[in-house]
Each structure stands twice: as C-alpha cells, then as structure tokens.
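This report refers to the structure that appears directly beneath it.
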Amino acid sequence: MHKLGRGHRDKVQQFMTITGASEKIALQALKASDWHLEGAFDFFYSQPHIKSYTDTTRLEELYNRYKDPYTDMILVDGITLLCNDLQVDPQDIVMLVVSWHMKASTMCEYSKEEFFIGLQALGIDSLEKFRERIPFMRSELKDEQKFHEIYNFAFGWAKEKGQKSLALDTAIGMWQLLFAEKQWPLVDHWCQFLQARHNKAISRDTWSQLLEFARTIDPALSNYDAEGAWPYLIDEFVEYLNENGIIQNGQFSDRSQK
Amino acid sequence: MSNQKKRSFQIEAFKHRVVVDPKYAERTWKIIEHAIHEIYNHNASGLSFEELYRNAYNMVLHKFGDKLYSGLVTTMSAHLKEISKSIEVAQGALFLEELNRKWNDHHKALQMIRDILMYMDRTYIPNTRKTPVHELGLNLWRDYIIHSGKIQSRLLSTLLELVHKERTGEVIDRGLMRNIIKMLMDLGSSVYQEDFEKPFLEVSAEFYKVESQKFIECCDCGDYLKKAEIRLNEEIERVAHYLDVKSEAKITNVVEKEMIANHMTRLVHMENSGLVNMLLDDKYEDLGKMYNLFKRVPNGLSMIRDVMTSHLRETGKQLVTDVESSKDPVEFVQRLLDERDKYDKIICQAFSNSKTFQNALNSSFEYFINLNSRSPEFISLFVDDKLRKGLKGVTEEDVEIILDKVMMLFRYLREKDVFEKYYKQHLAKRLLSGKTVCDDAERSLIVKLKTECGYQFTSKLEGMFTDMKTSEDTMQGFYANHPELADGPTLVVQVLTTGSWPTQATVTCNLPTEMATLCEKFRSHYLGTHTGRRLSWQTNMGTADIKATFGKGQKHELNVSTYQMCVLMLFNNYDMLSYKEIEQATEIPTSDLKRCLQSMACVKGKNVLRKEPMSKDIGTDDAFFVNDKFTSKFYKVKIGTVVAQKESEPEKLETRQRVEEDRKPQIEAAVVRIMKSRRVLDHNNVIAEVTKQLQSRFLANPTEIKKRIESLIEREFLERDSADRKVYRYLA
C-alpha cells in the first residue's frame with residue numbers, strides 16, 4: 001500500500017469501507033477500472049463469484065469442525081481433515097494458495113482470524129463453495145503477478161517461526177512444488193547443486209531472486225550477466241552448471257544425472 | 001662701381017621649359033659609366049666621389065633617371081658576364097676561391113656604386129618602384145653568376161664535396177666555406193635554401209643512411225651510440241662554423257632520423273649489448289647516451305621505458321617466485337631492496353631522474369611484489385631481523401635510510417592489513433623477549449607507518465609500547481610494597497592489554513610452588529590497585545633465567561621459556577621423570593610440551609636433560625633425567641624457543657584466515673558508510689566505491705563484497721530496489 005500515491009490510497013480505503021472487501025480485492029477492482037471509483041464498483045459487483053458477504057455463523061461452524069480441541073487454532077489434524085473433505089492432497093499446491101489468501105503466518109496451522117480472512121476473501125462459507133473455488137485458485141497460479149506474490153509468500157510461510165532463513169530441505173520441497181507449475185528446466189539441477197555444495201539455509205533474498213532468475217534468464221544462460229548483481233549462490237550455481245558440462249558453449253544439455 | 005643705369009632685379013618665373021642639352025645626359029652618363037668600369041677594374045682611387053655623386057644627382061634631377069638606371073643595369077650585367085667567365089675557367093680548388101674573390105670585389109664595387117647613386121636610390125627608385133641599387137646588384141650577381149648554367153651545379157657539387165670530405169675526416173677551408181655560404185644567404189633565403197640547403201639535407205640523409213647501416217652491422221649498441229653522438233655534435237659544430245643557424249634544427253633532425261629513429265628498435269633489442277644488457281651491467285654512461293639521444297626522437301623515451309618496465313617485471317617476477325629465495329625471508333627482502341637501489345641509481349644517473357621513469361619503476365615493483373602472497377610476512381620478518389640484531393653499530397642516519405627503504409616496499413603492498421597482522425605478532429615477540437636492540441628505531445618505524453596509513457593502523461602498536469612501560473612502573477611499585485620479597489626469585493611481569501596484543505588462547509600450566517606464590521602476591525597487589533580488571537597468566541609467552549649446578553659441579557645460568565622452567569624445576573625433587581609424569585605435574589599442552597622437551601633433550605649444546613631412549617622424537621613412554629654430563633663453553637646458555645620465524649604452512653593458513661575474517665567487518669562498514677550517504681546506488685558502483693575506500697589496506701574481492709551485501713540485506717540494513725533488482729536502497 002505504501003507504494004501507492006495519496007489519491008489512490010484514499011480510493012482504496014473508500015472502496016474497502018463501502019464494499020467491505022479486502023484490500024487485495026479493492027486494488028484489483030480499482031486497477032481494472034483505471035482508478036475510477038464508480039467503475040470499480042461496477043467491476044466488483046459484476047463479478048458473480050466474488051461475494052462480499054459471507055455468512056459468519058456458517059463460517060464459525062466450519063471453523064469449529066476443524067479447530068483443535070485444546071487450542072483456538074486449526075492444527076495439523078484439522079488441516080488433514082479439511083483436505084480430506086475437499087478431496088485434495090495435503091501436499092497439493094492449492095493449499096498453498098489457500099494459505100496465501102489467509103495470509104497464514106506459518107504452515108500447518110491456521111489461526112481463527114486467518115481462517116476467516118481467507119475464506120471471506122474467497123467468498124466461501126461452506127464446503128461446497130470451497131470445493132467450487134478450487135479450480136479458480138488453481139488458475140490463480142497461472143497469473144504471473146499472483147504467482148510472484150504466492151512464491152514470495154511461500155518463503156515466510158514455510159520457514160520456522162523465529163528463524164530468518166528457510167531450512168534447505170523445506171526450501172527444496174517448496175521449489176519442487178512451485179516450479180512444477182512454472183516449468184523451470186533448471187530446477188532439478190538447482191536442488192542437486194544446493195545439496196552438494198551449499199547445505200545451509202536459504203536466505204530471503206536468494207529465494208526471491210531465484211524467481212527473477214528463473215523468469216528472466218534462459219536455461220542456456222545466454223543472457224546471464226556476471227555483473228548482474230545476482231546473489232552469490234546463484235553465481236555459484238552458474239559456475240556449477242558450467243563446470244559439470246550442463247551448460248556447454250551456451251547450449252543447455254539436460255543430462256539428467258540419475 | 002656706381003653704375004649709371006639702375007637695374008631693378010626681378011625674378012621672373014620660368015616661362016619656358018629649360019631644356020637641358022640632350023647631349024648633356026649622354027655626357028654625364030659616360031662619366032658615370034666610366035667610373036663604374038674603373039671601380040670594377042680596381043681603379044677607384046682616381047675617382048672623385050663628389051663629382052660622380054653630383055653627376056648622378058643632376059641626371060636624376062633633370063629627369064634622366066631612366067637612362068641612369070638602365071645604364072647601370074647594362075653596365076653591371078656586362079661586367080658580371082665577364083666575371084662569370086673568369087670564374088668558369090677556374091680549375092679545381094681555385095673555383096671557389098675565385099668565386100669568393102670576385103664576390104668580394106663585386107660587393108665592394110656595389111657599395112661604392114650605391115653610394116654614388118644614392119640620390120637615385122632615394123628618389124627615382126621609390127617613385128618608379130624599381131629595385132634599389134644594392135638589391136639590384138645582388139640580383140644581378142645571382143642571375144649572372146650563381147644561376148649561370150656552368151656555375152650553378154658546379155658550385156653546389158663543390159660545396160657538397162667539401163662537406164663530405166670533412167665528414168670523412170679531412171680538413172677543409174672553413175673560412176672559405178663560411179664566406180660562400182654567407183654570400184648565398186645574402187642573396188636571399190630562398191637562394192640559400194634552394195641552391196644549397198635542400199640538396200645538402202638530402203645528401204646528408206643519404207650519407208647517414210649508409211653510415212648508420214654500416215655501423216649497425218659492425219658495432220655493438222654502446223659503440224653505435226657513441227658514434228651517433230659524435231656525428232650529431234659534428235653537425236652542430238659545422239652549422240656553428242659555416243652554415244645558417246636556422247639549418248641546425250634541420251640537419252640534426254636528419255641525423256636523428258637516420259641514425260637513431262630508423263634503428264631504434266634494433267638498438268634497444270641488440271643481443272648482448274642492448275638496453276637489457278646495459279641495465280643488467282649498470283652501464284650508466286651508455287644508458288645516459290641512449291637516454292639523451294632517444295630523447296630527441298618521437299617515442300624514443302617511451303620505447304626505453306617500455307623495455308625497461310617489461311624487463312623489470314620479468315626479473316622481479318622471477319625474484320619473487322623463486323622457491324629458493326623464499327626460504328630465507330630476510331634474503332628475499334634484501335634482494336628486493338638491492339634491486340630497487342640499482343634501478344634508482346640508474347634512473348638518477350642515466351635517466352636524469354625523470355618522473356615518468358620513476359613511475360614505471362614503481363608500478364613494476366607494485367606488480368611483482370604482490371605476486372608472492374607472502375611478501376607482507378617477509379617484509380615484517382626483515383624488519384624484525386634488523387630491529388633484533390642487524391642494527392648494531394649502524395649510525396642513526398643509516399637506520400633511518402634502511403627504514404625509509406622498507407617503507408617504500410611497504411607502499412607497494414596491496415595487502416597492507418596482512419603486514420599489520422604479522423608486524424604485530426613479531427613486535428609482540430620482540431617486546432616480550434626483551435630482544436629489541438633499538439627502541440628509537442622501533443618508534444621511528446611506527447611513526448613512519450602512522451604517517452603512511454593513519455592513526456588507526458598504529459594505535460594498537462603504540463598501545464603495546466605503553467603496556468611495556470606501564471609494566472615497568474608496576475613492577476617497581478610491587479617491589480617497593482613488598483620489600484620482604486627482595487631475597488627471593490625476581491619476578492618481572494608484563495601486563496598486556498588484551499585488545500592491543502595479538503590474540504592468544506589463554507593457556508595456563510602448573511607453576512613451581514615458589515613461583516606460584518609469588519605470582520599470587522603480584523596478582524593481589526595489582527588487583528588491589530586496579531579494580532575491575534581481570535588478569536590471566538600467559539605462561540606460553542614468558543621466559544626464565546635459572547641457575548643450575550650439574551653432576552660435576554659445573555654451574556650455568558640457563559635462559560629458558562616458562563614451560564621449560566616448570567619442567568626443569570621438577571627435577572629438583574626427582575631424579576627421573578617419565579613423560580606422563582611431567583605432563584601431569586605441569587599440565588602443559590601436548591604439542592608445546594613435546595617441543596619444549598625436545599629443545600632441552602635432543603639439541604646438541606643445549607641438552608640439559610637426558611632422554612631414554614635417545615631418539616630424536618618425544619614418545620609418550622620416554623624417561624627423562626638431568627644430564628649430569630652437560631657442558632657448554634658459555635656460562636649463560638640460552639634454550640628459548642620464542643624467536644619469530646617464518647610461519648609453517650598450517651600457521652600461515654590460520655593467519656590468512658584471521659585476516660580474511662577481519663576484512664569482513666571492514667567491508668561491511670564501508671558498504672554501510674557508502675549506502676548511508678548515497679541512499680540509492682547500483683551494484684557495480686557499490687563495488688567500485690567500496691574497493692576504492694579500502695584500497696589503502698587491502699584489495700577487496702568483488703565476490704566477498706557481494707556476500708557482505710547479501711548479509712546486510714539479510715540483516716535488513718539494505719534492500720533491493722523493487723523496480724530494478726540491481727539497485728540497492730539504504731534502510732534507515
């Protein structure tokens with residue numbers, strides 16, 4: 001929000017107050033209507049599947065179904081149950097998208113507030129609606145901008161509470177998951193490289209810069225610039241690729257080293 | 001007298017043109033013509049200047065100037081034609097002499113004629129814009145004599161032949177040459193240039209081309225340069241004697257081009273006598289010649305400089321990477337100093353102390369000194385050696401000179417922080433073992449380092465000196481307060497401030513009882529006067545002097561390390577001790593204990609202990625005895641082990657690691673400083689700025705800088721700009 005100008009910020013506030021929508025939706029609507037409040041309202045109300053109002057009581061019911069008996073949070077068991085109900089694998093990336101909507105702070109647990117925020121943002125107050133929304137959420141991953149946000153969100157979400165960096169194993173797991181959607185050819189080599197050479201936690205900067213790297217640099221590294229201010233780890237990775245003949249003379253030969 | 005008729009004088013204006021008798025003009029001209037003839041026939045003495053002048057004056061006045069002028073031209077021309085013939089017939093050497101003589105005659109005649117015809121010169125000629133008499137005379141001479149078909153080429157070839165003769169060593173009539181050349185100059189600069197100078201230069205070029213080719217085939221470089229210099233001076237002298245001064249630059253150019261510029265490369269690279277050989281053999285004279293000659297041609301000096309630089313770099317590189325010389329650090333540095341002295345002298349004596357050559361010398365040294373990563377260590381060891389013992393008997397000025405030279409080498413180092421680390425270590429050892437020969441020299445060097453690198457560099461070093469002084473005072477205070485201890489063993493404690501001295505792991509051992517109690521007393525004394533401090537005994541750094549009596553009554557005073565003292569004192573109570581017993585009793589760390597025992601039991605001349613078995617290495621089952629048969633020529637025997645030495649490989653790695661570690665915070669501090677003032681800066685500029693800031697201490701590695709930046713991003717001092725990932729922002 002701090003990146004917006006004064007006028008825009010006001011409009012977002014107004015929109016949110018009037019429609020009761022989340023900041024994200026407000027931004028979306030205003031952007032789509034080129035920052036005209038009227039147009040934004042039209043946009044918002046014409047979207048049939050974004051309901052501004054969800055039944056709080058029903059949400060309460062849903063929450064209670066999954067909440068842990070001893071704490072006011074949804075923990076691992078609750079989440080597993082939820083996934084079952086949705087007929088979705090707990091490892092499925094769509095759960096990440098759900099967590100993103102909830103702005104969950106850590107994986108494997110949802111606070112009540114997070115649960116409410118997320119489901120409200122998605123306009124869900126029942127399991128059927130939830131199931132209906134799953135294809136939509138999957139589609140969000142295809143959106144460049146949203147994927148970017150989800151990817152960066154994943155770092156904070158996946159790491160241990162109170163830690164600054166992400167443990168290597170978790171990071172690798174996340175990358176495998178995320179890049180399955182994005183199709184980055186070098187992801188396996190990247191993970192192998194990290195396990196062989198780095199063996200330490202991943203910093204936030206490296207995490208976010210990796211996405212940039214995957215997006216902008218082609219797999220044959222033809223447009224890789226050594227002076228490009230890439231994190232040191234990525235520079236090492238390029239060296240690794242060159243050393244092991246994976247990149248030869250600017251050609252990417254995928255010799256899968258199984 | 002009285003006239004009857006009165007005449008009234010009336011002067012009337014002329015009402016009619018007075019016509020002078022036309023014959024008058026002819027008559028007058030004849031007089032003048034005759035005079036001219038007489039002048040040319042050397043009969044001028046019979047003439048009356050006044051009469052002739054008057055006649056000429058009248059002619060002009062009565063408007064017969066034309067006749068006078070044209071008559072002059074005709075007459076003079078006729079004479080010159082005749083003169084020309086007489087010159088033409090002159091044979092051989094007489095040709096020039098005749099020419100010269102006739103020229104002098106003509107010149108004299110011309111002057112007389114000009115004087116006679118002065119009025120015409122002043123009135124008629126300006127009005128009619130004709131050539132004045134003198135100039136006319138010169139032009140006529142030029143046209144009829146110099147440019148006459150038979151004379152022109154003969155004159156030129158004669159002159160050139162004479163020059164050639166002189167060049168080949170013959171003596172010629174310089175006076176004659178001078179006159180002839182002067183004649184040409186008088187006739188006009190174009191005459192001089194066209195009729196003499198140009199061909200002269202061409203012929204000279206040819207001559208020198210041939211000669212230089214001949215020389216270069218048969219001479220070595222030094223000889224060739226000598227010859228070239230001689231020729232050059234010759235030509236300058238020639239010009240001074242009989243040519244136009246303006247020709248000097250031109251002829252010297254010719255010589256420079258033919259003899260030097262064309263053969264520059266070949267000379268410099270000549271085998272066995274070229275530039276490199278001259279440098280190696282310190283041939284100051286030849287080098288000076290080369291410098292002075294090459295200075296005259298374009299790119300001459302830069303060629304010398306380039307060859308010198310690449311040779312110096314090559315030699316330096318070999319010096320520095322030679323494995324043999326690396327074995328002795330003092331030797332290594334001495335050779336560097338010698339090399340620098342050598343080139344300094346060469347530049348001073350032969351290259352007129354040129355600044356560009358000095359710069360080339362400096363950059364070469366900087367290049368190869370840093371090729372050996374141990375250079376900082378070695379320079380520190382050299383200084384250590386000198387300050388320990390090498391300065392005995394050397395005067396104060398000489399000490400300064402040596403230290404200044406060392407500072408010069410220091411300036412070339414890129415990794416000054418490595419030097420600092422080693423210097424600190426070596427200084428500590430020197431101070432603690434009391435081995436500094438010359439306190440003044442030590443301090444002088446510190447001052448020099450401070451001037452060079454700033455206060456920060458030397459503050460800790462100065463702290464070390466302060467500690468030494470303070471400790472002296474403390475000891476005095478201690479003994480003043482405890483007079484009862486005056487009879488016991490003398491304790492000397494140096495209290496070191498942790499931050500200033502090189503970091504050591506604190507290791508203690510069990511001191512013999514007498515010492516232990518003494519040390520405790522000191523500790524309480526010290527802590528009594530200085531609250532809030534902690535003391536930890538550094539037993540690995542001390543020394544002890546102990547008096548020993550051996551089996552046959554021989555007494556010696558042994559100077560040993562603290563560890564060694566602990567071991568030896570044990571033998572006051574036991575005749576034999578096993579390794580394990582010694583280890584237990586003293587609690588000295590294993591590697592140190594082994595070294596300590598080795599130096600006392602296995603080294604000839606210092607074997608105060610006897611070991612069974614007599615092997616060179618210390619085994620854990622060995623047994624030790626006092627060596628009753630120990631002998632030494634000296635009463636005082638030194639068995640210490642604390643001399644500063646070239647580090648072993650593992651030690652070297654450790655030091656280097658510590659240096660690298662120390663650099664990290666320095667790099668980070670630099671990054672933060674820069675980002676704080678710039679707020680937003682792109683990656684490449686950050687690297688450049690940081691490198692520049694740290695240049696005076698070490699050469700920062702861009703990869704290391706990048707890692708530090710990432711660490712700072714991690715700790716949220718910086719962030720990447722959201723629009724351009726190559727740009728960093730400072731986070732307040």
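Give, in nm to one decimal, the length gained when the segment between B:ARG27 and B:SER459 is fully stretched (0.36 nm per residue of separation minus the Cα-Cα distance).
On the way: separation 432, 0.36 × 432 = 155.52 nm, distance 11.19 nm.
Roughly 144.3 nm would be gained on extension.
Angle check, please: helix B:649-678 long axis (alpha carbons) against the longest principal axis of chain B (alpha carbons), in degrees 0 to 90, nearest 10.
It works out to around 60 degrees.
Looking at chain B, send over the antiparallel percent of its DSSP beta bridges, to the nearest 5. Intermediate results must be reported in sequence, preceding the final value.
On the way: 20 of 23 bridges.
If I count the DSSP bridges inside chain B, around 85 percent turn out antiparallel.
Could you calculate the contour length gain from B:ILE230 to B:HIS42, that is, 0.36 nm times the residue separation minus the distance between their Cα atoms, to one decimal place in nm? Write out the running numbers ahead of the final one.
Working: separation 188, 0.36 × 188 = 67.68 nm, distance 4.62 nm.
Full extension of this stretch gives 63.1 nm more.
Output ³J(HN,Hα) for region B:451-465: one whole-Hz value per residue in order, computed from phi by the Karplus curve 6.51 cos²θ - 1.76 cosθ + 1.60 with θ = phi - 60°, and x for Gly and Pro.
Those phi angles translate into 4, 6, 10, x, 4, 4, 4, 10, 4, 5, 4, 5, x, 4, 5 Hz.
Suppose we keep just the DSSP beta bridges with both residues in the protein assembly as shown; what percent of those would be antiparallel, to 5?
On the way: 25 of 28 bridges.
If we restrict to bridges inside the protein assembly as shown, about 90 percent are antiparallel.
Expressed in nm to one decimal, what extension gain is obtained for the pair B:GLU612 and B:LEU280 from 0.36 nm per residue of sequence separation less their Cα-Cα distance? Mind showing how you got there, number by number?
On the way: separation 332, 0.36 × 332 = 119.52 nm, distance 5.73 nm.
Computed gain between B:GLU612 and B:LEU280 is 113.8 nm.
Looking at region B:198-312, how many pairs of lysines come closer than 13 Å at the Cα, when each pair is eight or more places apart or spans two chains? Numbers along the way, then the final one.
Values: B:LYS198/B:LYS246; B:LYS198/B:LYS250; B:LYS209/B:LYS257; B:LYS214/B:LYS227; B:LYS226/B:LYS289; B:LYS227/B:LYS289; B:LYS257/B:LYS295.
For region B:198-312, qualifying lysine pairs total 7.
Spin-label point model (7 Å from Cα, Cβ direction): what's the B:LYS355 to B:LYS580 distance in nm?
Going from the B:LYS355 label point to the B:LYS580 one covers 7.6 nm.
What's the FRET efficiency of B:LEU485 with B:LYS664 using the Cβ-Cβ distance as r and R₀ = 45 Å, to the nearest 0.05?
Details: r = 48 Å, r/R0 = 1.06.
It comes out at approximately 0.40.
Can you give the FRET efficiency for A:THR216 and A:ASN84, using 1/(1 + (r/R0)^6), R0 = 41 Å, r = Cβ-Cβ distance, to the nearest 0.05?
For R0 = 41 Å, the calculated efficiency reads 0.55.
Run the quick spin-label model on B:ARG679 and A:SER111: label points 7 Å from Cα toward the beta carbon, then report their separation in nm to one decimal.
3.5 nm
In the structure displayed, which of B:LYS448/B:LYS692; A:LYS159/B:LYS707; A:LYS159/B:LYS706; B:LYS355/B:LYS460; A:LYS200/B:LYS664; B:LYS389/B:LYS594 lie more than 26 Å apart, Cα to Cα? All intermediate terms of the calculation are to be shown ahead of the outcome.
Values: B:LYS448/B:LYS692 23 Å; A:LYS159/B:LYS707 22 Å; A:LYS159/B:LYS706 24 Å; B:LYS355/B:LYS460 36 Å; A:LYS200/B:LYS664 20 Å; B:LYS389/B:LYS594 29 Å.
In this structure, B:LYS355/B:LYS460; B:LYS389/B:LYS594 lie more than 26 Å apart at Cα.
If each DSSP helix of 4+ residues adds -39,500 (n - 2.57) and the sum is divided by the residues in the protein assembly as shown, what number results at 222 nm, nearest 500 deg cm²/dmol? Please list the in-between numbers first.
Details: 45 runs with 611 residues, N = 990.
Calculated from helices alone, the mean residue ellipticity at 222 nm is -20000 deg cm²/dmol.
May I ask you to order B:468-475, B:224-231 by the average number of other C-beta atoms within 10 Å around their residues, highest value first?
My ranking of the peptides, most packed first, is B:224-231, B:468-475.
Separation between the B:HIS530 and B:ARG174 pseudo-spin-labels, each 7 Å from Cα along Cα→Cβ, expressed in nm?
Label-label distance for B:HIS530 and B:ARG174, simple model: 8.5 nm.
Could you work out the mean count of beta carbons from other protein chains within 10 Å of each residue's beta carbon in A:229-235?
Numbers: counts 13, 4, 6, 8, 2, 0, 2.
So the per-residue partner count for this stretch is 5.
Which whole number gives the average, over all residues in B:701-711, of C-beta atoms from other chains lying within 10 Å of the residue C-beta? Walk me through the numbers before you get to the answer.
Working: counts 0, 2, 3, 1, 0, 5, 3, 1, 4, 7, 3.
Averaged over the peptide's residues, the number is 3.
Give the angle, between 0 and 90 degrees and rounded to the nearest 10, that separates the Cα long axis of helix A:76-86 from the longest principal axis of the Cα atoms of chain A.
Result, in degrees: 80.
Compute the helix-to-body angle for A:127-140: its Cα long axis versus the longest principal axis of chain A, expressed 0 to 90° and rounded to tens.
The two axes meet at around 40 degrees.
Let me check against my output: what whole-number percent is the relative contact order of chain B, with C-alpha pairs under 8 Å and at least 6 apart? Each step should come with its number before you reach the end.
Working: 716 pairs, mean separation 47.5, N = 732.
With pairs under 8 Å counted, the relative contact order is 6 percent.
Set the Förster distance to 45 Å, then compute FRET efficiency between B:LYS692 and B:SER444 from the Cβ-Cβ distance, nearest 0.05. Kindly include the intermediate steps, with their values, before the conclusion.
Values: r = 31 Å, r/R0 = 0.68.
Step by step, r from the Cβ atoms, then E = 0.90.
Readers should treat all values here as calculations from the given coordinates under stated rules, not as data from a laboratory. Since this is a predicted model, take the numbers as computed values, not measurements. A quick note on method: Cβ atoms are made from the backbone with ideal geometry, for glycine too, and the neighbour counts reach across all protein chains shown.
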